[in-house]
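J.: Have a look at the structure that comes next, please.
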């Protein structure tokens, strides 16, 4: 429906003798100013929801420290809190900054193209960051599990248990790395990617009209 509107506007602009560049600026500026229906507005709303979820995880982990006595679990909660804080100060702050940046005078097509590229780059960096936390998270669990084994077992049985522990965590790491990567990309595609695809579709449509 929106592309049909753009096509009609293009025909009207061509009839009125307006240049392609003039139409591009007008059409894209109107697209960015569609209020809650615009791709940018939807991504901003999703970014706020994502940030709120991270804050909720931070508060829940903080509250958990008052109810958990096991050292391993407390360390894991502290690790989750650290990840939440780093995410808020880095990923969420940068994403909000990119989405809140309003179009200024200039080439609106260049602005949209650059914004889409920057957000896609940030999304991929976020996925890679999430995957890099997996070994640390599993390492914390393996360390405390291994400590309990050292306390409860000795001799050949201890080495057998340690070997099983390492093998088990290795399998968990492989599965988690694969599944978490797919889940993270699917989630971010739903939150941002589909709207970036729309913006790129508009850009391609306008380029085709020029050809």
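Coordinate-derived values only; no laboratory data. Quick caveat, the model's predicted, so the values are computed rather than measured. Positions of Cβ are backbone-derived with ideal geometry, glycine not excepted, and every protein chain shown enters the neighbour counts.
J.: Note the direction-averaged projected area, equal to a quarter of the hull surface, for the Cα convex hull of the range 58-175, in nm².
T.: Numbers: hull surface 38.3 nm².
For the range 58-175, the mean projected area of the Cα convex hull comes to 9.6 nm².
J.: Applying 1/(1 + (r/R0)^6) with R0 = 22 Å to the Cβ-Cβ distance of residue 185 and residue 140, what FRET efficiency is obtained, to the nearest 0.05?
T.: Values: r = 25 Å, r/R0 = 1.13.
The formula returns an efficiency of 0.35 here.
J.: May I pose another question? How do 119, 172 rank when sorted from fewest to most other Cβ atoms within 10 Å of their own Cβ?
T.: Details: 119 23, 172 14.
So the residues, fewest neighbours to most, are 172, 119.
J.: So, in nm, how far is label residue 205 from label residue 65 when the simple model puts each one 7 Å beyond its Cα toward the Cβ?
T.: 5.1 nm
J.: Arrange 110, 205 by Cβ neighbour counts within 10 Å, fewest through most, would you? Before the final figure, lay out the partial values.
T.: Values: 110 9, 205 15.
Sorted ascending by nearby Cβ count, the order is 110, 205.
J.: So if we plug the beta-carbon distance of residue 124 and residue 78 into 1/(1 + (r/R0)^6) with R0 = 30 Å, what FRET efficiency do we get, rounded to 0.05? Before the final figure, lay out each step's value.
T.: Details: r = 28 Å, r/R0 = 0.93.
The pair residue 124/residue 78 has a calculated efficiency of 0.60.
J.: Fewest first, what order do 81, 43 take by the number of other Cβ atoms within 10 Å? Could you put the intermediate results ahead of the total?
T.: Numbers: 81 18, 43 22.
If I rank by nearby Cβ atoms, fewest first, I get 81, 43.
J.: Quote the FRET efficiency, to the nearest 0.05, computed for residue 93 versus residue 163 with a Förster distance R0 of 35 Å and r equal to the Cβ-Cβ distance. Numbers along the way, then the final one.
T.: Details: r = 43 Å, r/R0 = 1.24.
Rounded to the nearest 0.05, the efficiency is 0.20.
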